[in-house]
1. Is it the case that the stretch 44-59 has a residue that's within 15 Å of the chain's Cα centre (by Cα), of a type in the set (Ser, Thr, Tyr) and within 17 Å of VAL3 (Cα to Cα)?
2. Taking only the stretch 80-127 into account, find how many residues are open to solvent by 70 Å² or more (accessible area, probe 1.4 Å) and either under 20 Å from GLY57 (Cβ atoms) or not in a loop (DSSP other than H, G, I, E, B) (or both).
3. Regarding PRO47, is this residue in contact with a Gly (Cβ under 9 Å, 6 or more places away or on another chain) and either open to solvent by 40 Å² or more (accessible area, probe 1.4 Å) or of a type in the set (A, V, I, L, M) (or both)?
4. Just to be sure I understand, how many residues within the stretch 17-58 are of a type in the set (A, V, I, L, M) and assigned to a loop (DSSP other than H, G, I, E, B)?
5. Quick one: would you say PRO14 is touching a Lys or Arg at 6+ places or on another chain (Cβ under 8 Å), crowded, with 16+ Cβ neighbours inside 10 Å and either assigned to a loop (DSSP other than H, G, I, E, B) or free of Cβ contacts under 8 Å to residues at least 12 places away in the same chain (or both)?
Amino acid sequence: MGVVWYQYDRVTDPDCGTGNVSVMAARITGATGRSPRQTTADAAGRPIHSGAVCAGGTVCAVTVGVTGEDRRLGDYFTVNTDAHGCLNIGTGDTKLTDAVTGNPSPNSHPLFLRQNSGPGLTGGVCA
């Protein structure tokens, strides 16, 4: 079984949170037995967002200047497997810089992560 989630690097309320957000992935084996095992990894190997993640929908766009809430990470998060059982994760990345100005990008950019090592969920090898 595989599980994927967003995780802050500290305990915080995501609506007004501080800290960095990473995409975490876990492979769980033996879940129906007495001794399940879990292997966890930072799927991107770096934070993909910093600060609050507003969960208020379109209201966030109105309040962002006042409250600092940020909707750019949004709901762009999905996970699936390939033929070998290797995880494929689609999400957003708000940590990139604008290529022209060098300033932080005002947009969330698509980020596709593919498991490229270790065993897949179906026992195949991810390489």
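1. no
2. Here the count works out to 9.
3. Working: in contact with a Gly (Cβ under 9 Å, 6 or more places away or on another chain): yes; either open to solvent by 40 Å² or more (accessible area, probe 1.4 Å) or of a type in the set (A, V, I, L, M) (or both): yes.
Criteria met by PRO47.
4. Initial filter on the stretch 17-58 (of a type in the set (A, V, I, L, M)): 21, 23-26, 28, 31, 41, 43-44, 48, 52-53, 55.
Going one step further and asking which of them are assigned to a loop (DSSP other than H, G, I, E, B), we end up with 31, 43-44, 48, 52-53, 55.
Qualifying residue count, the stretch 17-58: 7.
5. Numbers: touching a Lys or Arg at 6+ places or on another chain (Cβ under 8 Å): no; crowded, with 16+ Cβ neighbours inside 10 Å: yes; either assigned to a loop (DSSP other than H, G, I, E, B) or free of Cβ contacts under 8 Å to residues at least 12 places away in the same chain (or both): yes.
The answer is no for PRO14.
The values are calculated or read from the model by the stated rules, or taken from the named source; none is laboratory data. Bear in mind the structure is a predicted one, so any value in this text is a computation, not a measurement. Heads up, the Cβs are rebuilt from the backbone with ideal geometry, glycines too, and the neighbour counts pull from every protein chain shown. When the accessible area is computed, the model is the full protein with side chains, heavy atoms only, and any ligands, DNA or RNA have been set aside. Shrake-Rupley method; radii C 1.70, N 1.55, O 1.52, S 1.80 Å.
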